[in-house]
Every structure is written in structure tokens, then in C-alpha cells.
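Right, one structure below, let's go through it.
The values are calculated or read from the model by the stated rules, or taken from the named source; none is laboratory data. Every value quoted in this text rests on a predicted model; they were computed, and no experiment measured them. Glycine also receives a Cβ, built like all others from the backbone with ideal geometry; neighbour counts cover every protein chain displayed.
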Amino acid sequence: MKIGRMASISICATMALLYPLSIRAGEKPLKVKIQEVLSIGALDNETLFQWTGVASDIEGFIYILDGLDYSLKKFDAKGQLVKKAGGKGQGPGEFMAPRLLGCSENFLYATDQGILGISVFDKDLRFQKRIPFSMPISDLFVFSDERIAVAVIGFQDPGRIVVLDAGGKVQSELVYQNKMAGPLMDSVSAILDGQGDLYLAYVFQDKVERWNKSGTLLWSKDLLGVKKVKTEKLSGYVLPTETCLKDICLDHRGHIFVLGGSRAKNPSRDVYVLSPAGGLVTTLTLPDTTHCIYIDHQDFMYVRANDGITLKKYRLIYE
Amino acid sequence: MSISRAQERNSKRNMNPRRWFFPLFCLLGLWPVRAALFICCSSTAGDGAARPSAISGRKTLCLILIDFDTFFCSPCLAPLLEFCQALPGPIQEERLRGILVYSRRSDESEDSRYARIVQTKMQGFIKANDIRFPIVLDEHHLFNGLLKSNTQALLFDDRRQVVRKFSFPFQPGEKSDILKLLLSNDGG
């Protein structure tokens with residue numbers, strides 16, 4: 001593991017075609033560059049094998065879920081492994097297919113595709129409890145030690161966002177689709193801003209939405225020009241086999257970062273930057289494919305490289 | 001082909017993989033089955049009939065062609081792991097070998113880089129799942145054509161002197177039959 005070579009990977013290609021769009025939307029044209037500041041895991045070491053979820057805390061520690069060795073790992077700000085926990089199984093603190101990770105002031109919250117509920121760890125990776133939740137989760141957002149939100153995968157019912165307390169009791173719920181578009185078609189990545197507004201990126205539909213905390217849709221945008229994704233019949237269900245938008249996050253200027261999926265021009269590499277009003281500001285293309293993007297409290301962006309063996313941390317540079 | 005750490009560990013225990021793979025390749029069609037079994041089991045056909053087989057005698061062996069894509073799908077990987085866990089470590093070391101098969105990348109340099117990615121992931125897989133048998137990488141894509149879909153087990157059934165192919169997940173009854181043969185010491 002080593003600190004990245006500070007190689008300025010300025011691939012912020014503000015596409016000429018996109019300028020007119022942003023100007024029409026009344027947005028100030030913006031360029032966003034990325035500069036590598038840290039790299040964890042490499043092809044010649046066994047630090048990471050297939051990382052899935054990432055979170056960082058205010059002290060600069062980086063927490064990573066690794067799907068191939070069923071673990072939760074803690075790294076310091078320089079990328080040195082501090083501690084590792086987990087192991088294969090369904091017992092307390094164990095994983096079968098770890099996926100999403102969130103961080104509050106004192107706790108870490110991890111989901112697992114093979115285990116229902118949300119596992120809670122302290123910052124020293126000691127297992128605390130499992131918050132009961134009976135539905136599969138497509139995204140996770142942590143407000144505080146006492147409150148988290150999850151996006152529920154819509155398989156037979158329309159997808160929804162559920163806010164839970166620390167004990168797993170439902171506090172509120174937002175159903176963002178009145179009618180189900182099909183199994184999994186309502187799956188979203190979700191993020192909330194400081195005002196409580198909700199931003200959704202649909203995984204299998206070309207749609208980004210902003211909702212206010214009262215449950216009113218403020219705007220809805222398409223980014224790729226995709227009408228419908230390919231589907232396949234599996235075990236009696238018609239399931240999507242292409243992705244439109246894979247992840248969504250916010251920086252501290254209120255910009256919305258949306259990762260394009262398999263239907264993007266550069267699959268799993270294009271990141272669309274939107275203004276709070278939904279105007280497309282710019283697009284940047286990552287050097288390697290990633291399954292997620294994560295922006296921390298200091299506006300550093302974390303993405304995947306080498307098929308999950310490497311985590312890259314980039315500084316976002318605005319011009 | 002690259003040799004995994006598990007393989008190196010086993011080599012130290014006088015489990016040279018060449019002893020395994022040469023006869024196994026023979027069984028895949030290069031040599032007659034009987035000749036391959038002769039080499040593999042270090043005993044003659046006549047010996048097998050004349051005296052009871054000991055642990056060092058003729059044994060059923062299993063070559064597992066592991067589809068790398070299953071690494072990304074835990075339900076797909078589960079049947080293979082359940083099968084491995086049903087076999088004690090020494091039996092895994094003695095009777096199982098694995099080949100990790102992955103799809104070829106379009107250009108050579110990308111394929112070479114991807115081989116390193118696959119190899120690193122393989123190390124994680126071996127460690128995390130306590131895999132005790134050696135697994136090697138199909139770096140030259142020799143087995144891509146053979147592995148049409150899903151992970152497969154090629155069972156070198158010494159009792160019947162045939163090679164049998166099974167796909168994961170096994171059909172009802174197949175797993176117990178295979179385990180019975182692999183756990184048996186009497187030439188099965």
C-alpha cells in the first residue's frame with residue numbers, strides 16, 4: 001500500500017456538447033478535476049480483494065467492506081491497515097456477502113446481501129448489534145447514531161425509502177413510485193442533503209430525482225437518453241440486465257455526483273455532476289471502472305480500481 | 001501456470017502438483033484412461049486386483065474447474081464451498097485440485113493485467129474459505145472451451161475407470177455419490 005503518486009488525473013472533460021445544456025439551465029459552467037491522493041490495495045499485495053462498501057469518519061479513518069474475504073477493515077489516513085474484523089458466517093459480526101457501509105459519529109453500519117438486517121460495529125470494529133430489517137436493501141444512509149435510512153429493493157412492491165431508529169423501528173417512509181415498473185426496476189441509490197431533501201438515482205431507469213422532506217417531487221432528470229434497458233427472463237421473472245445509474249452522492253457545495261452504469265458512454269466510469277436544481281454541469285470520466293462513488297466530509301472522492309483490489313481516493317478540484 | 005500459496009504449502013508436504021496434473025491431463029484425452037490411471041496411482045492394474053488398496057493406492061481424484069465469475073455471486077459460489085467443506089483437509093489436499101478459469105481479455109497486455117487481478121482475488125478466496133487443495137490459474141485459457149457454464153467437477157472414477165463430469169450445483173444424489181468415492185480408501 002502506498003500513497004498515490006499525486007498524479008494529477010485531470011480527466012474532467014467538460015464535454016462541449018454539455019455546455020449548452022448547463023447554460024440553458026442557468027448554471028455557471030464548471031470544471032471538476034480529480035487528483036489522486038491515496039491508493040489502498042494493489043495487484044502485488046493482499047490488502048483488498050474485492051471491496052464493496054466504503055465510509056470514512058471525521059478523524060480520517062477509512063473503513064472498507066471486503067466481499068471476497070468477508071471482512072470489515074479499518075485504515076488510517078495514510079492507508080495503513082489498523083484492524084480487520086468479520087469472517088465468513090451468519091453469526092454476530094460475520095458476513096456472507098457484505099455490501100454497503102455507512103458511518104455515524106460512533107458507529108459503522110454494514111449490510112449484507114446474504115443476511116437480512118444491518119450489522120452495527122463500533123469504530124474499533126467490535127460488533128454491537130444487528131438492527132432487524134426484513135427487506136433487501138439497495139442503499140444505506142446514516143444520519144446519526146440514532147437514525148439511518150435505507151432504500152428497499154422493489155421486487156414485488158414498489159421501492160421505498162425507510163427511515164429507522166437505532167432499534168430498527170420505522171420512523172417514516174417515502175414511496176417514490178406509485179406503480180411498480182417491474183421486479184428490481186425501482187431499485188435506487190439514494191442520498192440526503194443537510195435540509196433533508198432526498199436525491200435518487202435509478203439503477204435500471206435513466207432517471208435522477210430530487211424530493212423534499214415532505215415527500216414532494218421537486219424535479220426529475222434523465223442523463224443518458226435511455227428509454228428502456230434490456231431484460232431477461234430468469235426463473236419466471238423478467239429482470240433487467242443493464243444498468244443506467246449506479247450511485248449518487250453529494251459534495252459540500254451541493255453538487256450531485258451520479259455514476260453512470262453499463263449504458264453510459266464510458267460504462268461505470270462516467271460521473272455526471274448536477275447542480276442542486278438538476279442542471280447538468282459537467283461530466284468527468286474516471287480512469288478505471290467502479291461500482292460506487294463516495295464523497296467524504298472534506299470532499300474527497302473514493303472509487304474502485306483494479307476490479308475491487310484497489311481503492312482510490314481523489315481530491316476534487318473545482319475550476 | 002502460476003502456483004498458489006496453498007499449492008506451495010502442499011508441495012512442501014511432498015504433494016508435487018506435477019504428479020497430479022500430468023495424469024489428469026492424460027485423462028482429458030491425451031493418453032488412454034488406463035495408462036493415465038496407471039501413472040497417477042503409482043500402481044499397476046494387476047496390483048489393484050491382487051491386493052486391497054491402501055491409502056497410497058488407487059484413489060478417485062477430482063479436478064474442479066472453477067468459473068471465476070462465481071466469485072462475484074455468493075449464491076453461485078455456495079455449492080462449491082459446501083462441497084469443499086464436506087471434505088476433511090487431508091482428503092482435499094490429496095484428492096482435489098482446482099483450476100481457476102476466467103475469460104480472455106481483448107488485448108494481451110490487458111489480459112496479463114487481468115491475470116494478476118484474478119490471481120490476487122484467488123489468494124483471498126483460498127484464505128477466506130480455508131481451501132486446502134491447490135488451485136492454479138488457467139493463464140493460457142486452456143480450459144475456457146471446456147467450461148461452458150458454471151463451475152464443474154471432473155471425477156476420475158478409479159473404480160469404473162472413467163472420467164465423469166458434474167456441474168455445480170449438483171443434482172440430487174450426485175454430491176453424496178462423489179463424496180462417497182472421494183472419502184473411500186478402497187480404490188473408490
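Quick check on my filter: what residues within segment A:246-300 are modelled with pLDDT of 95 or more and of a type in the set (Lys, Arg)?
A:Lys246, A:Arg263, A:Lys265, A:Arg269
Quick check on segment A:49-76: of everything there that is more than 14 Å from every other protein chain (Cβ to nearest Cβ) and without any contact (Cβ under 8 Å) to a residue 24 or more places away in the chain, which residue is surrounded by the fewest Cβ atoms within 10 Å (Cβ to Cβ)?
The initial filter retains those residues of segment A:49-76 that are more than 14 Å from every other protein chain (Cβ to nearest Cβ), namely A:53-63, A:74-76.
Of the ones still in play, those that are also without any contact (Cβ under 8 Å) to a residue 24 or more places away in the chain are A:59-60, A:76.
Working: A:Glu59: 8, A:Gly60: 14, A:Asp76: 12.
Once the filter is applied, the top-ranked residue is A:Glu59.
Inspect all residues belonging to segment A:8-15 and state whether any of them is at pLDDT 95 or above and over 27 Å from A:Lys221 (Cβ atoms). Steps first, please.
Going residue by residue through segment A:8-15, those that are at pLDDT 95 or above are none.
No - not one qualifying residue is present in segment A:8-15.
For segment B:130-153, which residues satisfy the criterion of being among the aliphatic types (A, V, I, L, M), within 15 Å of B:Leu61 (Cα to Cα) and out of contact with any Cys (no Cβ under 7 Å at 6 or more places or on another chain)? Before you say what the answer is, go through the steps one by one.
Quick first cut of segment B:130-153, residues among the aliphatic types (A, V, I, L, M) only: B:131, B:135-137, B:142, B:146-147, B:153.
Right, trim to within 15 Å of B:Leu61 (Cα to Cα) and you get B:135, B:153.
Within segment B:130-153, just B:Ile135 meets the criteria.
What number goes with the only condition from (1) free of Cβ contacts under 8 Å to residues at least 12 places away in the same chain; (2) part of a strand (DSSP E or B) that A:Gly194 does not pass?
(2)
Every residue, every condition in (1) surrounded by fewer than 20 Cβ atoms within 10 Å (Cβ to Cβ); (2) of a type in the set (S, T, N, Q); (3) at pLDDT 90 or above, yes or no:
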site	(1), (2), (3)
B:Tyr102	no, no, yes
B:Ser109	yes, yes, no
B:Arg132	yes, no, yes
B:Gly188	yes, no, no
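Pick from A:Ser268, A:Ser262: which is small (Gly, Ala, Ser), buried (at least 18 other Cβ atoms within 10 Å of the Cβ), in contact with a Lys or Arg (Cβ under 9 Å, 6 or more places away or on another chain) and in a loop (DSSP other than H, G, I, E, B)?
Details: A:Ser262 fails: buried (at least 18 other Cβ atoms within 10 Å of the Cβ).
Sole residue among the options that is small (Gly, Ala, Ser), buried (at least 18 other Cβ atoms within 10 Å of the Cβ), in contact with a Lys or Arg (Cβ under 9 Å, 6 or more places away or on another chain) and in a loop (DSSP other than H, G, I, E, B): A:Ser268.
Of all residues in segment A:121-133, which are without any contact (Cβ under 8 Å) to a residue 40 or more places away in the chain and in contact with a Phe, Trp or Tyr (Cβ under 7 Å, 6 or more places away or on another chain)? So that I can check it myself, show each step before the final result.
Going residue by residue through segment A:121-133, those that are without any contact (Cβ under 8 Å) to a residue 40 or more places away in the chain are A:122, A:128-133.
Those that are without any contact (Cβ under 8 Å) to a residue 40 or more places away in the chain and in contact with a Phe, Trp or Tyr (Cβ under 7 Å, 6 or more places away or on another chain): A:Asp122, A:Gln128.
Looking at B:Gln85, is it at pLDDT 90 or above and closer than 21 Å to A:Ala42 by Cα? If you could, list the steps in order and put the result at the bottom.
Details: at pLDDT 90 or above: yes; closer than 21 Å to A:Ala42 by Cα: no.
When the stated conditions are applied, B:Gln85 does not pass them.
Condition (residue is in contact with a strand residue (DSSP E or B) (Cβ under 7 Å, 6 or more places away or on another chain), at pLDDT below 95 and under 29 Å from A:Ser119 (Cβ atoms)) applied to segment A:220-239: is it met by at least one residue?
yes
Within segment A:77-106, how many residues are without any contact (Cβ under 8 Å) to a residue 40 or more places away in the chain, more than 14 Å from chain B (Cβ to nearest Cβ) and among the small types (Gly, Ala, Ser)?
3
For residues in segment B:72-100 being buried (at least 16 other Cβ atoms within 10 Å of the Cβ) and more than 18 Å from B:Phe170 (Cβ to Cβ), which is nearest to the other protein chains (Cβ to nearest Cβ)?
Restricting to residues being buried (at least 16 other Cβ atoms within 10 Å of the Cβ) and more than 18 Å from B:Phe170 (Cβ to Cβ), the top hit is B:Leu100.
Are there strands (runs of 3 or more DSSP E) fully within segment A:200-249 with at least 2 residues that are under 21 Å from A:Val163 (Cβ atoms)? List them. Break it down stepwise before answering.
Values: elements: A:208-211, A:217-221, A:231-234, A:237-240.
Correct list: A:208-211, A:217-221.
Within segment B:104-129, how many residues are more than 13 Å from chain A (Cβ to nearest Cβ) and hydroxyl-bearing (Ser, Thr, Tyr)? Explain how you work it out, then say what you get.
Of segment B:104-129, the ones more than 13 Å from chain A (Cβ to nearest Cβ) are B:104, B:106-109, B:111.
With the extra rule that they be hydroxyl-bearing (Ser, Thr, Tyr), the set shrinks to B:106, B:109.
Total satisfying the criteria: 2.
Checking the structure you have, find out if any residue of segment A:117-129 is away from every other protein chain (no Cβ under 14 Å), over 27 Å from B:Thr120 (Cα atoms) and of a type in the set (Phe, Trp, Tyr).
Yes, because at least one residue in segment A:117-129 is away from every other protein chain (no Cβ under 14 Å), over 27 Å from B:Thr120 (Cα atoms) and of a type in the set (Phe, Trp, Tyr).
Grab the helices (runs of 4 or more DSSP H) fully contained in segment B:78-188, keeping just those with 2 or more residues being of a type in the set (Phe, Trp, Tyr) and within 17 Å of B:Ile66 (Cβ to Cβ). Break it down into steps so the answer makes sense when it comes.
Details: elements: B:89-95, B:108-128, B:174-183.
It comes to B:108-128.
Going by what's in this entry, would A:Glu46 be described as among the acidic types (Asp, Glu), within 30 Å of B:Gln119 (Cα to Cα) and outside any strand (DSSP E or B)? Show your work before the answer.
Details: among the acidic types (Asp, Glu): yes; within 30 Å of B:Gln119 (Cα to Cα): yes; outside any strand (DSSP E or B): yes.
In short, yes.
Among the residues of segment A:298-318 satisfying the criterion of being closer than 18 Å to A:Lys246 by Cα and either assigned to a strand (DSSP E or B) or basic (Lys, Arg) (or both), which is nearest to the other protein chains (Cβ to nearest Cβ)?
Among them, the one singled out is A:Ala305.
Any idea which of A:Ala201, A:Ala166, A:Ala181 is surrounded by 13 or more Cβ atoms within 10 Å (Cβ to Cβ) and within 19 Å of the chain's Cα centre (by Cα)? Lay out the reasoning, then the answer.
Values: A:Ala166 fails: within 19 Å of the chain's Cα centre (by Cα); A:Ala181 fails: within 19 Å of the chain's Cα centre (by Cα).
Of the residues listed, the single one that is surrounded by 13 or more Cβ atoms within 10 Å (Cβ to Cβ) and within 19 Å of the chain's Cα centre (by Cα) is A:Ala201.
Go through segment A:80-95 and give me each residue that's surrounded by fewer than 21 Cβ atoms within 10 Å (Cβ to Cβ) and either of a type in the set (Ser, Thr, Tyr) or within 21 Å of A:Leu311 (Cα to Cα) (or both).
Residues of segment A:80-95 that are surrounded by fewer than 21 Cβ atoms within 10 Å (Cβ to Cβ), as a first pass: A:80-85, A:87-94.
Correct list: A:Gln80, A:Leu81, A:Val82, A:Lys83, A:Lys84, A:Ala85, A:Gly87.
Considering segment A:130-162 alone, what residues qualify as being surrounded by fewer than 16 Cβ atoms within 10 Å (Cβ to Cβ) and assigned to a strand (DSSP E or B)?
Selection gives A:Phe143, A:Ser144, A:Arg147.
Considering A:Val229, A:Val281, A:Val238, which residue is in contact (Cβ under 8 Å) with a residue 60 or more places away in the chain and β-branched (Val, Ile, Thr)?
Working: A:Val229 fails: in contact (Cβ under 8 Å) with a residue 60 or more places away in the chain; A:Val238 fails: in contact (Cβ under 8 Å) with a residue 60 or more places away in the chain.
Only one candidate qualifies: A:Val281.
Name the residue that is nearest to A:Val54 (Cα to Cα), counting only residues in segment A:102-130 that are in contact with a Ser or Thr (Cβ under 8 Å, 6 or more places away or on another chain) and among the aliphatic types (A, V, I, L, M).
So, considering only residues that are in contact with a Ser or Thr (Cβ under 8 Å, 6 or more places away or on another chain) and among the aliphatic types (A, V, I, L, M), the one nearest to A:Val54 (Cα to Cα) is A:Ala110.
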